[in-house]
Amino acid sequence: MIGSDVSLATRYDVALLDLDGVVYLGEQPVTGAPDALEAARRAGMRLAFVTNNASRTPVQVAELLHRVGVPAEPDEVVTSAQAAAHYLADRLPAGAAVLVVGTTGLTEALIERGLRPVSSAEQDPAAVVQGFYPGTDWQALAEAAVAIGRGVPWLATNLDATVPSPRGPLPGNGSLVAALRHATGRTPAATGKPDPAMHAESVERSGARHPIVVGDRLDTDIEGARRSDCASLLVFTGVTDPAGLLAAPPLHRPDYLGRDLSALLYPHPEVREADRLVSCGSAQVRITDAELLLGARSANGSHGPDGHENSHGGQDLHGGENLDGLRALAVASWRLLDDGGRTLRIRGTDEAAARLIEQLGLGPAAG
């Protein structure tokens with residue numbers, strides 16, 4: 001995990017923003033997202049709205065963003081349907097038929113790239129492409145199964161098992177892909193996040209030179225950034241929780257953490273490692289053979305997670321946007337994982353640290 005002595009909106013030229021769980025949930029804005037993104041624009045950052053959801057066209061996504069209070073133009077939107085269409089256009093002759101399991105987001109993206117959407121296996125498709133659409137029915141899956149069974153290439157826009165909603169996670173495109181995989185014994189290629197094809201599409205369309213990926217999912221947003229050598233910011237407004245962060249394998253580890261999109265607007269402290277101590281801002285974690293000990297670091301660094309008093313009294317560990325404690329815990333936990341161990345226990349050595357651990361949902365025996 002790295003630090004930045006200036007705001008991320010100043011450090012990076014374009015934010016490649018995931019949508020579901022980051023900017024909105026369903027058709028409601030994530031709390032604070034419109035104001036944070038407006039402030040990021042004022043700071044000079046450009047925005048690209050990047051979604052694995054292939055069910056909407058860029059125009060429809062821009063309209064939804066307007067409804068949730070985030071002004072956006074269609075050319076600022078990048079969808080997994082566009083990445084999939086680009087992938088197929090590079091591999092199929094112009095005008096080739098492509099069987100679509102999805103809706104207008106996919107069909108319009110294919111037409112933009114000079115391909116011909118069809119809906120039946122009897123229309124001699126050169127490929128099958130499957131994207132998320134809540135209205136997908138048995139007939140659509142059946143036509144795709146027939147075409148896939150005949151050996152045509154099969155491409156999924158993404159493999160997300162779930163999509164976030166105000167009611168909790170719901171089946172995503174990966175779950176619908178699993179039905180066809182089970183029926184055909186085949187496995188599709190995929191171009192959405194975390195595949196680098198999605199990142200390349202986003203960079204090309206946004207003109208980014210020094211982008212940062214912003215998302216709520218470790219296995220799509222953060223892995224996609226890692227696989228594309230791009231900086232990443234994880235926000236906790238969607239599916240990832242602190243326990244999942246602490247257990248993340250190397251490809252799923254973000255560069256920055258934020259409670260929400262306001263994290264674009266401020267500097268981020270660096271995480272420092274020395275011997276068996278990991279410190280970040282006001283927090284410090286001591287690594288032992290059996291546990292991670294979290295406490296507050298004094299101004300002179302002489303006290304911390306050894307149970308002694310310190311000048312901060314631990315108050316900075318949980319105040320406002322301060323995620324120092326979680327940053328330090330994450331890096332300490334990753335060190336244990338990389339050394340072949342596991343975190344047996346996470347314990348706070350003062351009242352504030354214990355309260356933070358409880359608030360994060362880690363508990364006395366998390367990990």
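Assorted remarks:
- Pairs with Cβ under 7 Å, 6+ apart, first in the stretch 235-248 and on the phi < 0 side of the Ramachandran plot, second of a type in the set (Lys, Arg): Val235/Arg259; Phe236/Arg259; Gly238/Arg217; Val239/Arg217; Thr240/Arg217
- Just so you know, in the stretch 334-367 the residues that are at positive phi and in contact with a strand residue (DSSP E or B) (Cβ under 8 Å, 6 or more places away or on another chain) include one that is modelled with the highest pLDDT, and it is Gly363.
- Qualifying residue in the stretch 103-111 (condition: modelled with pLDDT of 95 or more and of a type in the set (Gly, Ala, Ser)): no
- Here the stretch 147-164 is the region considered, the condition is being surrounded by fewer than 19 Cβ atoms within 10 Å (Cβ to Cβ) and within 21 Å of the chain's Cα centre (by Cα), and the residue that is farthest from Leu19 (Cα to Cα) is Ala161.
- Of Pro171, Pro211, Pro164, Pro117, all but one fail to be outside the structural domain of Asp18 (by TED's automatic domain parsing) and in contact (Cβ under 8 Å) with a residue 24 or more places away in the chain; the exception is Pro164.
- The stretch 192-208, residues that are modelled with pLDDT of 90 or more, part of a loop (DSSP other than H, G, I, E, B) and either within 16 Å of Ala83 (Cα to Cα) or not assigned by TED's automatic domain parsing to the domain that holds His252 (or both): Gly207
- Of the strands (runs of 3 or more DSSP E) lying entirely inside the stretch 61-146, the ones with 1 or more residues being buried (at least 24 other Cβ atoms within 10 Å of the Cβ) are found at 77-79, 97-101, 127-130.
- The combined condition, being closer than 30 Å to Gly149 by Cα and touching a residue at least 12 places away in the same chain (Cβ under 8 Å), is not fulfilled by Val78.
The values are calculated or read from the model by the stated rules, or taken from the named source; none is laboratory data. Because the structure is predicted, anything quoted here is derived from the model rather than measured. Don't worry about glycine lacking a Cβ; one is built from the backbone with ideal geometry, like all the others, and counts go over all protein chains shown.
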